[in-house]
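Since the structure comes first, as structure tokens, the remarks are kept for the end.
Here, each number is a calculation from the coordinates, and none is a lab measurement. All of these numbers come straight from a predicted model, not from anything done at the bench. Neighbour counts run over all protein chains shown; Cβ positions are idealised from the backbone, glycine included.
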Amino acid sequence: MTASSWVAAWAGLVPPGVDVLDLAAGKGRHTAFFAARGYRVTALDRDVSALVPSDMVEVIAADLEDGSPWPLAGRRFGAIVVTNYLHRPLFPALIATLQPGGILLYETFMEGNERFGKPSRPAFLLKDGELLDLVRGRFSVTAYEARMISQPKMAMVQRIAARLL
Ligand SMILES: C[S@@+](CC[C@H](N)C(=O)[O-])C[C@H]1O[C@@H](n2cnc3c(N)ncnc32)[C@H](O)[C@@H]1O
């Protein structure tokens with residue numbers, strides 16, 4: 001389970017000692033990455049079968065798209081990591097779940113990815129500049145890319161590392 005090169009590159013922005021949220025954590029590659037670096041991590045996914053709770057890792061099973069209330073209401077995290085997942089209606093709750101000064105590390109597929117395969121539906125692909133639009137006026141942006149990548153496979157991705165003001 002290799003961490004995204006983007007997450008690994010910008011993880012140093014996350015202050016020591018804060019709680020980290022790995023949203024749509026999957027098999028938990030970023031949960032493991034941050035837990036190994038001493039962070040308490042909350043890993044949330046609708047399928048938590050591959051996620052192992054520990055004293056450093058809280059596992060939450062929740063469907064983020066079935067109309068249920070936001071499962072982290074009232075919680076705040078010092079960093080939120082989202083990779084290879086997009087459900088636009090969550091954007092307001094996601095930002096509300098970052099504490100002031102918190103770090104957002106977000107990387108997912110963007111339009112143009114159709115030529116390489118899935119995801120190819122517009123609902124799963126960021127539009128040009130969409131992550132910048134999401135954070136504009138609310139975050140300080142440390143790094144942003146919209147590009148083709150070849151590893152771990154050919155894809156069009158957009159990614160951002162930003163700090164909530
Ligand atoms: C492509 S995987 C990415 C996993 C992880 N972020 C990574 O990059 O390794 C997408 C994840 O989103 C989760 N997911 C999809 N729809 C979801 C939903 N409605 N509620 C919660 N999780 C969902 C899937 O279970 C899966 O683990």
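Name the single residue that is surrounded by the most Cβ atoms within 10 Å (Cβ to Cβ) among those in region 39-58 being more than 9 Å from the ligand (Cβ to nearest atom) and more than 18 Å from V14 (Cβ to Cβ). So that I can check it myself, show each step before the final result.
Of the residues in region 39-58, the ones more than 9 Å from the ligand (Cβ to nearest atom) are 39-43, 49, 51-58.
So of that shortlist, the ones also more than 18 Å from V14 (Cβ to Cβ) come out as 49, 51-55.
Numbers: S49: 7, L51: 22, V52: 12, P53: 11, S54: 11, D55: 7.
Taking the candidates together, the pick is L51.
Looking only at residues of region 92-110 that are outside any strand (DSSP E or B) and surrounded by fewer than 16 Cβ atoms within 10 Å (Cβ to Cβ), we find that the one that is nearest to the ligand (Cβ to nearest atom) is A93.
Criterion applied to A143, A155, A162 was being crowded, with 16+ Cβ neighbours inside 10 Å, closer than 22 Å to P15 by Cα and out of contact with any Asp or Glu (no Cβ under 7 Å at 6 or more places or on another chain), and the one residue passing it is A162. Taking the criterion of being in contact with a Ser or Thr (Cβ under 8 Å, 6 or more places away or on another chain), β-branched (V, I, T) and assigned to a helix (DSSP H, G or I), the only residue of region 1-32 that qualifies is V7.
What do you reckon, is G74 surrounded by fewer than 17 Cβ atoms within 10 Å (Cβ to Cβ), more than 16 Å from the ligand (Cβ to nearest atom) and farther than 23 Å from T142 by Cα? When the stated conditions are applied, G74 passes them.
Of the candidates A61, A25, A32, A36, the single residue that is hydrophobic (A, V, I, L, M, F, W, C), farther than 20 Å from G102 by Cβ and near the ligand (Cβ under 9 Å from one of its atoms) is A61.
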